[in-house]
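One structure is given below, encoded as structure tokens.
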Amino acid sequence: MLNQTASRRSFLKKVAGGAALLSTLPMGFRAWGQNEITAGYVFLTTPGDAGWTFRHDLGRQFAEENIEGVTVNSLTVEGVADADAGSAVQNLVDAGSEIVFATSFGFLSGAQDVASANPELFFEHCSGFTTQEPNLGAYFGRMYQARYLSGIVAGLMTETNQLGYVAAIPIPEVIRIANAFYLGALSVNPDVTMQITALGSFFDPGLAREQANALIDDGADVVTMHEDTPSVPQAAQDRGVFSVSYQSDMSTFAPQSHITGVEWNWGPYYLKTLELLRDGDLGVRNVWSGFEDSAFVSPLVGLVNATGGGDSGLINEELIASVRDSAKVAEILDAIASARALLDASTVAGSDVVFGGALVDADTGETLPEAPTDGDLLGMDFPVAGVSGESFFSFFG
């Protein structure tokens, strides 16, 4: 279903010749006096009030409300399966979109096909790691940095030294982020281990709850997930253990279990991209933004405490103090502040705070380089030592 937040059509549908005219001009051309942009967004699910699509839609709204000099007409297609991504992108093009954001990993193939057939338009793919068309960019955030910090909270809160992780599917993005969460916990708790399960999709609230309960049955007293709903934090609350949310802040759904969380902050990226399009300066980019990147005003990943202090509501200091004590709160905040400072300085030092030197195989002693390349991280398909989960890592046979 195509949702249009404004009734006006884009410039491409108004100028005689439309796309045919624009296709003869260099990338980034903007017409004199143009005061509207039509931007399309392909969403995996409906936005709702939590999760991955929810945060993308908030980012869309932020960009639309804060851009100056032009009016942005947003078009969205919701509930799109990977196999239908191409038709969804094409529908947005047919409706007048000058730029289309394909917001899920599985949308790459469909976005490539439509981008190839429409070289005069811009397309961007989220969470992918390749650009194979001259008008198709890629964008993502180094969420593993944020997950590392939230793992520190988990590592200092667990008493069983067992963490549980309900993951989506074993692609490098999911594996990398899960490994980072565990390594954060390990950095403050050398005895901690983590079991990970395969959900089989990014959205399955019933199975997510079932797998969370199984992990808790096996001894996990802090659970987290790579999934779009609050099912895991709610299962944790029902069972009297702790939870760490992902994608968006889910503390309101499970206030008695939620100790911290991480969330995506897409607004600055969407705003910057549309500003570049407005100014005729948008080119094809491959963006992978982290904490140290100030190009988008604030990083793509928002966190437990974005400033490195204890001033964010995403750390549930009241709950932590009530079940532990105020000294535990101080220990957590100090540990996160120290790690955040190291993350900020890591690019200068030429090392990687999260993965540098991490043990991969306890039997062979194999470790990651002190400064793994982006290629190493983007292709990560193995657990670090201490992470187990046969069902997850054998998911594809």
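When you count the other C-beta atoms within 10 angstrom of each residue and take the mean per peptide, 100-111, 68-79 line up highest first as 100-111, 68-79. Coupling constants for the stretch 48-55 follow from the phi torsions by the Karplus curve (6.51 cos²θ - 1.76 cosθ + 1.60, θ = phi - 60°), and in residue order they are x, 10, 6, x, 4, 5, 3, 5 Hz; glycine and proline get x. The length gained on full extension between PHE393 and ARG324, counted as 0.36 nm times the residue separation minus their Cα-Cα distance, comes to 21.4 nm. Using the Cβ-Cβ distance between GLU370 and TRP288 with R0 set to 22 Å, the FRET efficiency works out to roughly 0.65.
Scanning residues 5 or more positions from TYR41 or on other chains, those with amide H under 5 Å from its amide H are LEU75, THR76, VAL77, PHE101, with H placed 1.01 Å from N in the peptide plane.
How much net charge surrounds THR160 when only the other residues with a Cβ under 13 Å from the Cβ of THR160 are counted, with Lys and Arg +1 and Asp and Glu -1? Show your work: numbers first, answer last.
Numbers: positive: ARG239; negative: GLU159, ASP191, ASP217, ASP218, ASP221.
After counting each charged neighbour, the total is -4.
For the stretch 121-253, calculate the relative contact order in percent as a whole number, restricting contacts to Cα pairs under 8 Å that are 6 or more residues apart. Reported relative contact order: 22 percent.
Packing order of peptides 159-172, 231-244, highest average first: 231-244, 159-172 (average count of other Cβ atoms within 10 Å over each peptide's residues). Taken along the Cα-to-beta-carbon direction at a fixed 7 Å, the label points for ASP381 and THR46 span 3.7 nm. Below 11 angstrom from the Cβ of ARG324, what's the summed charge of the other residues (Lys, Arg +1; Asp, Glu -1)? Local charge sum for ARG324: -3. Computed over the stretch 72-178, relative contact order equals 17 percent, with contacts defined as Cα pairs under 8 Å that lie 6+ residues apart. For ARG239, the shell of other residues with beta-carbons less than 11 Å away shows a net charge of -2, using +1 for Lys and Arg and -1 for Asp and Glu.
Throughout, read-outs are computed from the coordinates displayed, never taken from laboratory work. Keep in mind it's a predicted model, so treat the numbers as computed, not measured. Glycine also receives a Cβ, built like all others from the backbone with ideal geometry; neighbour counts cover every protein chain displayed.
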